[in-house]
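Here the structure comes first, spelled out in structure tokens, and everything after it is commentary.
The values are calculated or read from the model by the stated rules, or taken from the named source; none is laboratory data. Bear in mind that the values here come from a model prediction, so they are computed numbers and not experimental data. Every residue, glycine among them, receives a Cβ derived from its backbone with ideal geometry; neighbour counts consider all protein chains shown. Accessible surface areas use protein heavy atoms only, side chains included; no ligands, DNA or RNA. Shrake-Rupley method; radii C 1.70, N 1.55, O 1.52, S 1.80 Å.
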Amino acid sequence: MQSTSIGPLADAQLASRFNAVRLWELDDAEGWLDANAARVDVLTTSVRTGCDARMIARLPALRAICSWGVGFDTIDVAAATARGIGVSVTPDVLDDCVADMAWALMLATARRIPAADRYVNAGEWRRLGQFPLATRASGKRMGILGLGRIGRAIALRGEGFSMSVAYHGRKPQADAAYRFEPDLAALARWSDFLVVACPGGRQTRHLVNAQVLEALGPRGFLINIARGSVVDTAALIHSLDHGLLGGAGLDVIEGEPGVPDALRHRDNVVFTPHIGSATVETREAMEQLVVDNVQAWREQGRLLTPVNAAS
Ligand code: NAP
């Protein structure tokens, strides 16, 4: 059963190879569930739609949840694990594109590229002459909150820009070539750019708070490609209003889609609408990985990219 569309490539394969029912296309999805819930053994979903404890409880034969996207803050993994249900996501295949987006935001914010584009298009280049000076990115210090798959891809790109890299997480990583900083505010104080790349959810909610933003300082930039919930948006607005932070590049924001009016139309804030992985190549790879997980489950009784031990 598909609770939502994964994309044309995956939807076609799930229908032709596994006879997947498209719940979102049914006129009476509730009625279909009442009659058929006991026959559903695999559910595909996406990070946006997720799967809550109520849906898990409604599907007594459920054995696997195969989700599109790498975050699983919208899936009740604890409820699934308690029932022995395997949960898979689509990691690895999107690391490079999300890391590229972090870098695009870093350069766009520091070098003020959207503002410069507006300047040229408004005819100001001819009228006013030189665009104001911006901030250098190469050779600076980059702090990464969450040196996971995506965080490492972001760090790797930093080497090409001659950057110093340090990171914060719950623990140091034995195989990491970068300095571990156990105190996030201390990492922010050291950093010119603080890049958020940890998971969302309750554990990381508002980790980037007023104290961390103040430590990053008026010459520092915050880049968030992870989840909006990790950053305290009210504190971010306060910092920008009072010149306590240099700028922010945000692919994600609390309460998305949409952004608080107080953050709009600022030259030192650059937004993208949660498109870190949104390239044709990466989205196709993510769709295929959902299908491959379903196939592996059906043919081998295991998931290729599980996030829990239940499979
Ligand atoms: P990952 O490999 O699991 O890495 C997550 C990192 O965060 C790990 O290094 C982990 O280190 C750290 N972390 C976990 N909990 C933490 C906590 N409470 N405090 C501090 N650090 C913590 O995940 P990933 O594949 O790199 O993806 C990271 C996140 O990016 C996803 O969860 C998702 O929310 C987001 N994402 C966004 C987009 C987009 O389009 N913008 C696309 C894909 C993913 P420790 O375990 O040592 O703490």
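Exactly one condition in (1) of a type in the set (Val, Ile, Thr); (2) away from the ligand (no atom under 12 Å from the Cβ); (3) in a loop (DSSP other than H, G, I, E, B) is false for Val70; which is it?
(2)
Kindly indicate whether any position in the range 184-197 is closer than 21 Å to Ala104 by Cβ and of a type in the set (Asp, Glu). Give the derivation first.
Taking the range 184-197 first, the residues closer than 21 Å to Ala104 by Cβ are 191-197.
Still in the list and also of a type in the set (Asp, Glu): 192.
Looking for residues that are closer than 21 Å to Ala104 by Cβ and of a type in the set (Asp, Glu), one finds at least one in the range 184-197, hence yes.
Please name all residue pairs, on different chains or six or more residues apart, with Cβ atoms under 9 Å, provided the first residue is in the range 282-299 and is more than 18 Å from Phe18 (Cβ to Cβ) and the second residue is assigned to a helix (DSSP H, G or I) and open to solvent by 50 Å² or more (accessible area, probe 1.4 Å).
Thr282/Asp96; Arg283/Leu9; Glu284/Leu9
State which residue is nearest to Thr272 (Cα to Cα) when the search covers only the range 70-96 and only residues that are in contact with a Gly (Cβ under 7 Å, 6 or more places away or on another chain) and buried (at least 22 other Cβ atoms within 10 Å of the Cβ).
Filtering the range 70-96 for residues in contact with a Gly (Cβ under 7 Å, 6 or more places away or on another chain) gives 71, 73-75, 89-90.
If we keep only those that are buried (at least 22 other Cβ atoms within 10 Å of the Cβ) as well, we get 75, 89-90.
Values: Ile75: 24, Val89: 23, Thr90: 21 Å.
Applying the filter and picking the extreme gives Thr90.
Just for the range 109-125: of the residues that are surrounded by 21 or more Cβ atoms within 10 Å (Cβ to Cβ) and part of a helix (DSSP H, G or I), which one is farthest from the ligand (Cβ to nearest atom)? Explain how you work it out, then say what you get.
Step one: filter the range 109-125 for residues surrounded by 21 or more Cβ atoms within 10 Å (Cβ to Cβ), giving 109-110, 112.
If we keep only those that are part of a helix (DSSP H, G or I) as well, we get 109-110.
On the way: Thr109: 15, Ala110: 19 Å.
Residue satisfying both the conditions and the ranking: Ala110.
Quick check on Asp100: is it under 18 Å from Val165 (Cβ atoms), within 16 Å of the ligand (Cβ to nearest atom) and open to solvent by 20 Å² or more (accessible area, probe 1.4 Å)?
Numbers: under 18 Å from Val165 (Cβ atoms): yes; within 16 Å of the ligand (Cβ to nearest atom): yes; open to solvent by 20 Å² or more (accessible area, probe 1.4 Å): yes.
Spelling it out, Asp100 is indeed under 18 Å from Val165 (Cβ atoms), within 16 Å of the ligand (Cβ to nearest atom) and open to solvent by 20 Å² or more (accessible area, probe 1.4 Å).
So Trp32 fits all but one of (1) more than 22 Å from Glu281 (Cα to Cα); (2) open to solvent by 70 Å² or more (accessible area, probe 1.4 Å); what number is the exception?
Condition (2) is where Trp32 drops out.
Residue check, Ile56 against (1) within 16 Å of the ligand (Cβ to nearest atom); (2) part of a helix (DSSP H, G or I); (3) not small (Gly, Ala, Ser), all met but one. Which one?
(1) is the only condition that Ile56 fails.
Quickly run through the range 146-158 and pick out the residues that are surrounded by 24 or more Cβ atoms within 10 Å (Cβ to Cβ) and either at pLDDT below 95 or near the ligand (Cβ under 6 Å from one of its atoms) (or both).
Once the filter is applied, which keeps residues that are surrounded by 24 or more Cβ atoms within 10 Å (Cβ to Cβ) and either at pLDDT below 95 or near the ligand (Cβ under 6 Å from one of its atoms) (or both), the range 146-158 yields Ile150, Gly151.
Being more than 14 Å from the ligand (Cβ to nearest atom) and open to solvent by less than 10 Å² (accessible area, probe 1.4 Å) is the filter here, so list the residues in the range 185-209 that pass it.
Result: Ser191, Phe193.
Please state which of the following conditions Phe180 fails to meet, knowing it meets all the rest: (1) touching a His at 6+ places or on another chain (Cβ under 9 Å); (2) open to solvent by less than 10 Å² (accessible area, probe 1.4 Å).
It is condition (2) that Phe180 fails.
Of all residues in the range 73-84 being closer than 26 Å to Ile150 by Cβ and part of a loop (DSSP other than H, G, I, E, B), which is nearest to the ligand (Cβ to nearest atom)?
Among them, the one singled out is Asp73.
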